[in-house]
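Heads up, the thing below is written out as structure tokens.
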Amino acid sequence: MGSTRYPSKRLGAALAFLLGALVTGSAVRAQDASTPPPGPAGSASPAAAPAPTPASRAEPEITHCGDTQVGTGEGMLRPLGQGFYADGNRVRRGCTLLLQRPLKNRPPVPFAPDSFRPIGCGFFRYATSVYWDRPLSEDDQVNEPGGQRADVLTRVDLADAETFEVDAECRPRDARFFYLNHTERPELPAFVAVPRGDGQGYEELGCGFVRYEGRVFFGTRLVEGVHAPSFTPVLGRLPYLECGAGMYGKDKAKVWWQHQLLRGAKAKAFRIPKEENPEFRVACNGRRSFQLASVDKKPNPLCRGAKKPVKKRGR
């Protein structure tokens, strides 16, 4: 495999990042100011937002799931609107059971129909939160006891549920942000927030990470347990489109890939080799190697020659 060198790209990438931020911010603010507010969340979405895909629209209406019919009688699937149905004390999208994981590392549980409010294009409010009706990874799909697939959904943590809405083109937004949909590209954050107005309290850190109101997010998903003031992407302030799979971040002690904590990784010795490392997929912690959110059983050759940091002796 040939060697790839990056010393001259850093300055160019940094300039491109800053220029892109300025252009995007100016365009969003200009459109926000020039379009009359259609509702509580304000103006139209930025022109840069990708066109909606069929997956971002609501499920078609159904008449039955197996032997269970749709209707208002006892034991029937009760329509909630926009392709959602109440199955007793559970919610389904069409015939697919929808689950949430309110507690980390605990089994997922159903959504309660009484707190469920469809917004449009597959988004819905649940209590004081906003969810999208599609799983964001294969790990978010489980099976019901009968073997039928169920989808585990992830909360859009950054969203303001009170003002969240979608426009006629299925582009989501709230009073503070536009949300760009990148769910067709799993290596990128599923949704990326672009501030409306001056973006007060919002700081783009690079590689998909942002800091907002004292917390760190990857895209719109909260990075839990982080020391926000010391957090930084391992690759630095690169735009997320240039980070490949190397979307690693660290604070003064711990390391994450995207929003997932890398157990056993120490921030001080964590690095991403720049050469012979396509898409920056491999990261090193001393001689241990990680690929995405997993540690390799055998160290990758890129990390085997890593030297442990020398401790300075006290005088």
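The values are calculated or read from the model by the stated rules, or taken from the named source; none is laboratory data. Quick caveat, the model's predicted, so the values are computed rather than measured. All Cβ positions, glycine included, derive from the backbone under ideal geometry; neighbour counts span all protein chains shown. These area figures cover heavy atoms from the full protein model, side chains too; ligands, DNA and RNA do not enter into them. Shrake-Rupley method; radii C 1.70, N 1.55, O 1.52, S 1.80 Å.
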Checking the structure you have, find out if any residue of region 221-231 is closer than 20 Å to residue 133 by Cα, in contact (Cβ under 8 Å) with a residue 24 or more places away in the chain and touching a Ser or Thr at 6+ places or on another chain (Cβ under 9 Å).
yes
Any idea which of (1) farther than 17 Å from residue 188 by Cα; (2) touching a residue at least 40 places away in the same chain (Cβ under 8 Å); (3) in contact with a Leu (Cβ under 8 Å, 6 or more places away or on another chain) is the one residue 245 doesn't satisfy?
(1)
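Return yes or no: is residue 219 under 17 Å from residue 283 (Cα atoms) and modelled with pLDDT of 95 or more?
Numbers: under 17 Å from residue 283 (Cα atoms): no; modelled with pLDDT of 95 or more: yes.
When the stated conditions are applied, residue 219 does not pass them.
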Selection from region 193-205 of residues assigned to a strand (DSSP E or B) and crowded, with 20+ Cβ neighbours inside 10 Å yields 193, 194, 195, 204
Please specify each residue of region 167-192 satisfying the condition of being open to solvent by less than 20 Å² (accessible area, probe 1.4 Å) and more than 18 Å from residue 157 (Cβ to Cβ).
170
Modelled with pLDDT under 95, of a type in the set (S, T, N, Q) and either open to solvent by 20 Å² or more (accessible area, probe 1.4 Å) or not in a loop (DSSP other than H, G, I, E, B) (or both): is that true of residue 163 in this structure?
no
When residues of region 75-90 are filtered for being of a type outside the set (Asp, Glu) and in a strand (DSSP E or B), how many remain?
9
Any residue in region 130-141 that is open to solvent by 20 Å² or more (accessible area, probe 1.4 Å) sitting within a Cβ distance under 6 Å of a residue that is among the polar types (S, T, N, Q)? List the pairs, counting only those 6 or more apart or interchain.
135/141; 136/154
Within region 166-192, which residues are in a loop (DSSP other than H, G, I, E, B) and farther than 19 Å from residue 240 by Cα?
167, 168, 169, 170, 171, 174, 175, 176
